[in-house]
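Participant: My questions will all concern the structure given below.
The values are calculated or read from the model by the stated rules, or taken from the named source; none is laboratory data. Computed from a predicted structure; not experimentally measured. Please note: Cβ atoms are built from the backbone with ideal geometry, for glycine as well, and neighbour counts cover all protein chains shown. When the accessible area is computed, the model is the full protein with side chains, heavy atoms only, and any ligands, DNA or RNA have been set aside. Shrake-Rupley method; radii C 1.70, N 1.55, O 1.52, S 1.80 Å.
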Amino acid sequence: MNFTKFPRRQYLQGETPIEFLPSLTRAIGNDVNIYIKRDDLLPGSAGGNKTRKLEFCIADALEKGADTIITCGAIQSNHCRLTLSWSVKENLDCHLILEERVAGTYNKEASGNNFLYQLLGVKSIEIVEGGTDLMAVMEEKAEVLKKEGKAPYIIPVGASNAIGALGYAACAEETMNQLNNMHLDIDHIIIPSGSAGTHAGMITGMVGINMNIPITGINVSQSKEEKEEKVYKLALETAEKLNITGSIARSDVVCFDEYVGEGYSIPTDSMVEAVKLFARTEGILLDPVYSGKTAAGLIDLVRRNHFTKGANVLFLHTGGSPALYAYMDTFR
Ligand SMILES: *Cc1c(COP(=O)(O)O)cnc(C)c1O
């Protein structure tokens with residue numbers, strides 16, 4: 001795939017590691033080998049998947065002459081933390097619109113990403129109710145800032161547009177190169193599916209390089225049908241941007257919604273089990289909202305014999321561990 005046509009900053013320092021997880025593999029059992037790709041170790045304050053997308057989104061902002069970034073997310077948003085972090089690095093102002101998706105859960109004094117917004121010097125935070133049209137609020141904010149002489153640029157929730165998804169199309173290629181170098185035959189890839197840029201980018205990249213490894217998304221919100229449509233639509237847009245000639249089939253997009261629980265960011269027992277298991281077998285920190293629920297899906301799929309015996313399964317760890325500190329009571 002050719003990424004040279006797009007503005008791109010270089011935030012990555014080479015490939016993120018792919019490792020075998022022997023103790024976790026033994027603990028889960030059922031003859032499935034678990035591997036992990038460590039996107040939790042990406043650069044940017046406290047790591048995580050948004051850095052790959054922001055290489056493209058922030059480069060686009062800079063090319064358009066922006067001096068200010070506006071973005072949005074949930075109240076404990078890793079995306080907001082990383083967008084702020086890279087804005088600081090690039091000398092851009094950063095304003096956040098935070099959606100209180102679960103009523104009454106916003107606490108100005110909360111730990112986790114919320115604490116880091118302040119530490120990283122956010123310019124402003126506006127809290128809006130769950131279900132608010134976030135793009136409309138960001139556009140209003142942009143108008144206000146323009147009147148103050150600023151040049152704002154809006155990055156959508158999760159940086160999940162076709163620009164941001166390029167980062168995960170590039171990740172598919174990076175992953176395949178690593179697997180070839182390791183001569184590691186992976187049968188299945190498991191990833192979280194939230195605002196969909198990660199999943200859509202990986203699908204696009206996979207088709208773009210003829211990778212032929214099934215990818216399953218584990219939903220952290222929404223139903224299977226809604227999420228698959230969202231991922232598919234974004235994958236088509238991303239493929240068009242990259243001029244990919246291979247076609248993306250609707251059936252390439254597979255999501256499971258059994259692990260969401262009561263809703264986005266609401267803890268589940270299987271998430272707690274997964275977070276503890278990864279920590280206590282491999283010393284790897286997951287998070288309560290994304291990677292914890294995704295790992296819960298992975299563990300359940302292994303136990304339910306979803307994979308063939310002896311299969312090699314790669315889990316994409318997208319980061320998020322700062323949110324653990326906002327959920328300490330859940331794990332005690
Ligand atoms: C944003 C996020 C995801 C989901 O990625 P999307 O591209 O929004 O689907 C997964 N894990 C973590 C830790 C995240 O912050």
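Participant: From the residues in region 303-332 that are assigned to a helix (DSSP H, G or I) and among the aliphatic types (A, V, I, L, M), which one is most open to solvent (accessible area, probe 1.4 Å)?
Facilitator: Ranking the candidates gives MET328 first.
Participant: Taking region 28-58 as the region of interest, how many residues are away from the ligand (no atom under 12 Å from the Cβ) and open to solvent by 10 Å² or more (accessible area, probe 1.4 Å)?
Facilitator: So the answer is 10.
Participant: I've got another one for you. Within region 64-81, can one find any residue that is within 26 Å of LEU324 (Cβ to Cβ) and open to solvent by 40 Å² or more (accessible area, probe 1.4 Å)?
Facilitator: no
Participant: In region 182-239, how many residues are within 12 Å of the ligand (Cβ to nearest atom) and part of a loop (DSSP other than H, G, I, E, B)?
Facilitator: Qualifying residue count for the region: 6.
Participant: Then there is this: Residues that are more than 14 Å from the ligand (Cβ to nearest atom), touching a Leu at 6+ places or on another chain (Cβ under 9 Å) and in a loop (DSSP other than H, G, I, E, B): does region 82-89 have at least one?
Facilitator: Scanning region 82-89, I find no residue that is more than 14 Å from the ligand (Cβ to nearest atom), touching a Leu at 6+ places or on another chain (Cβ under 9 Å) and in a loop (DSSP other than H, G, I, E, B), so the answer is no.
Participant: Let me ask you something else. Would it be correct to say that GLU258 is more than 24 Å from PRO156 (Cβ to Cβ), open to solvent by 50 Å² or more (accessible area, probe 1.4 Å) and either more than 16 Å from the ligand (Cβ to nearest atom) or of a type in the set (D, E, K, R) (or both)?
Facilitator: So GLU258 fits the description; yes.
Participant: Could you check region 97-113 and list, in sequence order, the residues that are open to solvent by less than 20 Å² (accessible area, probe 1.4 Å) and farther than 17 Å from VAL157 by Cβ?
Facilitator: GLY112
Participant: Going through region 57-106 one residue at a time, which ones are within 21 Å of THR238 (Cβ to Cβ), more than 20 Å from the chain's Cα centre (by Cα) and acidic (Asp, Glu)?
Facilitator: GLU63
Let's see how each residue does on (1) open to solvent by 30 Å² or more (accessible area, probe 1.4 Å); (2) without any contact (Cβ under 8 Å) to a residue 40 or more places away in the chain; (3) within 25 Å of THR318 (Cβ to Cβ):
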residue: SER85; (1), (2), (3): no, no, yes
residue: HIS95; (1), (2), (3): no, no, yes
residue: LEU116; (1), (2), (3): yes, no, yes
residue: GLU126; (1), (2), (3): yes, yes, no
residue: ALA151; (1), (2), (3): yes, no, no
residue: ILE154; (1), (2), (3): yes, no, yes
residue: ALA172; (1), (2), (3): no, yes, yes
residue: ASN180; (1), (2), (3): yes, yes, yes
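Participant: Which condition number does ASN212 fail, the rest of (1) crowded, with 18+ Cβ neighbours inside 10 Å; (2) out of contact with any Ser or Thr (no Cβ under 9 Å at 6 or more places or on another chain) being met?
Facilitator: (1)
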